[in-house]
Amino acid sequence: MNRRSPLVLGVAVIVVLLAVLAGGQVVAAQLQAGPEQPVGFTHLTHAGTLQMDCTFCHRNVEKGANASVPAVQQCMFCHSVVTEGQRDPAVQKAEIAKVREAYESGHPIDWMRVHRLPDHVRFIHEAHVRALGPAPQSCTVCHGDIKSTQKVSQVQSLKMGDCVSCHRGDRKVLIGNEMKSFSAPTDCTTCHK
């Protein structure tokens, strides 16, 4: 072993520790608060008070890989008639006006992504909804009690350990009113491209 080996090893250990710490800080920041959105949309009103099913807006969640964010035309199914809310009519009227302006101008609403997985991960919403049960009970496993939130934020780290613990059946999740565990393939190619 030459004299440089301990130095190289020491530098490598420091780099790895810094990367782990930085990654933890990024995850913690993601879990604390969601991004500011161009429209003050709230699941508290839509999924909570109005009890709209997740699939009414997220139409693709039972059919494909992505849950899909609704197009502004989807919002206009209701908001061509509904122009203000009941909680804070002035604020909600202003937010609904943003939706109507986007629709009339033909421009999409540029929603900020809240939940992100690394590019090398293949996640299929449809398979998880099929395995865990219908929306919204399957959605809460990763997204939390979304119907009770004013602003969406990431509530799970969505790191590999979260996924593997469910796939192995190690983690119990609340489905409906009971705690269940599931097992799913753990072969690397199931989730990694």
Tell me, yes or no, whether segment 100-108 has at least one residue that is in a helix (DSSP H, G or I) and either polar (S, T, N, Q) or under 16 Å from Leu44 (Cβ atoms) (or both).
yes
Selection status of His120, open to solvent by less than 50 Å² (accessible area, probe 1.4 Å) and within 19 Å of the chain's Cα centre (by Cα)
no
Within segment 137-148, how many residues turn out to be touching a residue at least 12 places away in the same chain (Cβ under 8 Å) and closer than 15 Å to Gln51 by Cβ?
6
Which numbered condition Ala19 misses (of (1) modelled with pLDDT under 90; (2) under 18 Å from the mean Cα position of the chain (by Cα)):
(2)
Tally up the residues in segment 139-193 that are open to solvent by 90 Å² or more (accessible area, probe 1.4 Å), of a type outside the set (Ser, Thr, Tyr) and part of a helix (DSSP H, G or I), please.
3
Any residue in segment 121-136 that's under 19 Å from Met160 (Cβ atoms): show its pairings with residues that are loosely packed, with under 14 Cβ neighbours inside 10 Å at Cβ separation under 6 Å, as long as the two are six or more apart or on different chains.
Arg122/Lys193; Phe123/Leu117; Ile124/Ala65
Quick one: count up the residues across segment 53-95 that are open to solvent by less than 50 Å² (accessible area, probe 1.4 Å), closer than 22 Å to Ala135 by Cβ and assigned to a loop (DSSP other than H, G, I, E, B).
6
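The values are calculated or read from the model by the stated rules, or taken from the named source; none is laboratory data. Small disclaimer: the values here were computed from a predicted structure and weren't measured. Neighbour counts are summed over all protein chains in view; Cβ atoms, including those assigned to glycine, are modelled from backbone coordinates with ideal geometry. The protein model used for the area step is the full one, side chains on, heavy atoms only, and it has no ligands, DNA or RNA in it. Shrake-Rupley method; radii C 1.70, N 1.55, O 1.52, S 1.80 Å.
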